[in-house]
1. Within the stretch 31-38, is there a residue that is outside any helix (DSSP H, G or I) and open to solvent by 70 Å² or more (accessible area, probe 1.4 Å)?
2. On the given criteria, is LEU145 closer than 20 Å to TRP73 by Cβ and part of a helix (DSSP H, G or I)?
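The values are calculated or read from the model by the stated rules, or taken from the named source; none is laboratory data. If you're wondering where the values come from, they're calculated on a predicted model, not measured in any experiment. Glycine gets a Cβ as well: all are built from the backbone with ideal geometry, and neighbour counts include every protein chain shown. The protein model used for the area step is the full one, side chains on, heavy atoms only, and it has no ligands, DNA or RNA in it. Shrake-Rupley method; radii C 1.70, N 1.55, O 1.52, S 1.80 Å.
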Amino acid sequence: FLRFQDSQDSPLFGEEDDNFQLKRSKVRYPMASFFHLFFRTCAIVVYLLCETFSGRFIASMVSIILLLSCDFWTVKNVSGRLLVGLRWWNQVDEDGRSRWMFESRKDVFSFEQSNNTTPSAESRLFWLGLIICPIFWVIFVFSALFSLNIKWLPVVIMGLVLQWANLYGYVRCKVGGKSNLRNMAKSYLSGQIFKQAMKGTDAS
């Protein structure tokens, strides 16, 4: 069972009216914006530099896992709600059924009805941090595999899974569900095919 709310009030990558950007360009939640990037960036930096500055694998591994866990909790429970007005979670009913819930600001933040649009700076920061950082962990996974650095493989896989989970959850909140994701993918592919066809026609 999936629950979706209208996500038009939480713009992806700050798609907003120009007049509103001028009025609300100031960052409302500087601490949430800072910690949205702090833990995930620190985890990447520690992974890249741990073998250079420290030969203790266990200490480095524990530090990275703690940073990844703090990042997952912060993004899922704090920065997502404050910066873009989205949240997702799993709920177990009395009959034991597990339900994934995806909501947007309109219902989750009823106390902010007068401010139900996200400033573009915070929205861009949220989505860019959410998308770019998992790419690093994809690279780390392939690097660990190709270099046969097996001892780091569980750590990088954990980093990829935790950050991918938040990315997937918030994208589902934004677009509304699997059907919308498929429709977006089809629209994008159709548009690319149409552009290529038009280029071919112009060339001939």
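1. Looking only at the stretch 31-38, we keep the residues that are outside any helix (DSSP H, G or I), and these are none.
There is no residue in the stretch 31-38 that is outside any helix (DSSP H, G or I) and open to solvent by 70 Å² or more (accessible area, probe 1.4 Å).
2. On the way: closer than 20 Å to TRP73 by Cβ: no; part of a helix (DSSP H, G or I): yes.
Against the criterion (closer than 20 Å to TRP73 by Cβ and part of a helix (DSSP H, G or I)), LEU145 does not qualify.
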